[in-house]
Each structure stands twice: as structure tokens, then as C-alpha cells.
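Asker: Got a structure for you, written out below as C-alpha cells; questions coming shortly.
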Amino acid sequence: MPKPVFVLNGPNLNLLGLRQPEIYGRETLDDVAEACSTLAEELGLAVRFLQSNHEGALVDWIHQARGEASGIIINPAAYTHTSVAILDALNAFEGPVLEVHISNVHRREAFRHHSYVSLRAEGVIAGFGTEGYALALRRMKTLVSK
Ligand code: DHK
């Protein structure tokens, strides 16, 4: 059985579809999780889809990914712009890391323009709505097949 790709989601993404739909769209996080597992099956990947509002929980999952996951796709949400702890945890992970943002963070407030996670990520997808997760999974397939 191949190691799963961890798809990690940060704070407030549990409210996807409900909060600021003009920015984040109307799809729920469950819709995104389902789309990811359908696509993963097509690609021959396994996924473990997780969300937490707590920085430490995300750090713990990244630690767990060491040895257990083939790669990490992460939307750290607001922690993107603040969390050295998440960056440090990702730096301790040996596989590929892809960063996803549903919105185009570069078109938004200046504080969203900086990402700690980008210092580690092989690639960043922003502004493609929830489709960004599918794009990241396809890219992850290439990266873990190398
Ligand atoms: C989600 C959030 O919750 C914001 O804090 C980020 C990100 C952007 C997104 O676009 O997915 O700034």
C-alpha cells in the first residue's frame, strides 16, 4: 500500500462554503475532501484529509507525516502568514510539500502577501478556488512518482 498524501487544512476552513463565499466559494470542506479522494483514486494515490483550527494539531500531523506520508499538501490558512512553528515542522519532513490557497492572496491585504510556508514548499497554488486542491494533487502525483 503506497503511503498517503496528507492534505492539511488550517483554521476557519471548516466554515468553507459558509464564510465569505464571495472569496472562498460555496463548496464545503467535505465537498473538497470528497473530490480529493475521487481524484486520488483515479491517480492511484491515497489521501488523508484533515482540518484543525489549532496550530499545534497541524504541527503534530506534520510530525506524524514523517515516515507515514509520501507528501504534504497544506492550506495553512491564516497560519500561512504567521507560523514559524509550521514552517519548522515542514522543514523536518522529508517529502514534497505543496501549498494551496483558495483565494488569490496576492490580490488581498498586504499581510497575506507573505508566507512562511513558501520557504519550504516546492510549489504554491493560489486563486484557483477549491480546484487548487485537485491541481496540487496532480502535481503531487508527479513529484512522488519521481
Ligand atoms: C485561507 C485563509 O483562511 C486566509 O487566512 C488566507 C487562505 C488565505 C485561502 O485563500 O485559502 O490568507
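Asker: Pull out all pairs, ordered by first then second residue, where Cβ-Cβ is under 7 Å, the residues are six or more apart or on different chains, the first lies in the stretch 104-126 and is more than 17 Å from Gln20 (Cα to Cα) and in a helix (DSSP H, G or I), and the second is among the hydroxyl-bearing types (Ser, Thr, Tyr) and within 8 Å of the ligand (Cβ to nearest atom).
Answerer: Sorted first by the residue in the stretch 104-126, then by its partner, the pairs are Val117/Thr80.
Asker: Any idea which of Gln64, Gln51 is more than 16 Å from the ligand (Cβ to nearest atom), polar (S, T, N, Q) and either within 13 Å of the chain's Cα centre (by Cα) or surrounded by fewer than 19 Cβ atoms within 10 Å (Cβ to Cβ) (or both)?
Answerer: Of the residues listed, the single one that is more than 16 Å from the ligand (Cβ to nearest atom), polar (S, T, N, Q) and either within 13 Å of the chain's Cα centre (by Cα) or surrounded by fewer than 19 Cβ atoms within 10 Å (Cβ to Cβ) (or both) is Gln64.
Asker: Still on this structure, please answer the following. Where the second residue is near the ligand (Cβ under 10 Å from one of its atoms) and part of a loop (DSSP other than H, G, I, E, B) and the first is within 13 Å of Arg139 (Cβ to Cβ) and modelled with pLDDT of 95 or more and lies in the stretch 92-103, which pairs have Cβ atoms under 7 Å and are six or more apart or on separate chains?
Answerer: Glu99/Ser115
Asker: Just to be sure I understand, how many residues within the stretch 127-146 are assigned to a loop (DSSP other than H, G, I, E, B) and either away from the ligand (no atom under 11 Å from the Cβ) or without any contact (Cβ under 8 Å) to a residue 40 or more places away in the chain (or both)?
Answerer: So the answer is 3.
Asker: Now, a different point. Tell me which of these Ile86 doesn't satisfy, since it passes every other one: (1) within 16 Å of the ligand (Cβ to nearest atom); (2) farther than 22 Å from Asn14 by Cα; (3) of a type in the set (A, V, I, L, M, F, W, C).
Answerer: Ile86 satisfies all of (1) within 16 Å of the ligand (Cβ to nearest atom); (2) farther than 22 Å from Asn14 by Cα; (3) of a type in the set (A, V, I, L, M, F, W, C) except (2).
Asker: Now, a different point. Say we look at the stretch 90-123 and pick out the residues that are aliphatic (A, V, I, L, M) and under 14 Å from the mean Cα position of the chain (by Cα); which of these is nearest to Glu27 (Cα to Cα)?
Answerer: Checked the stretch 90-123; the qualifying residue nearest to Glu27 (Cα to Cα) is Ile102.
The values are calculated or read from the model by the stated rules, or taken from the named source; none is laboratory data. These figures come from a predicted structure and were not determined experimentally. Neighbour counts are summed over all protein chains in view; Cβ atoms, including those assigned to glycine, are modelled from backbone coordinates with ideal geometry.
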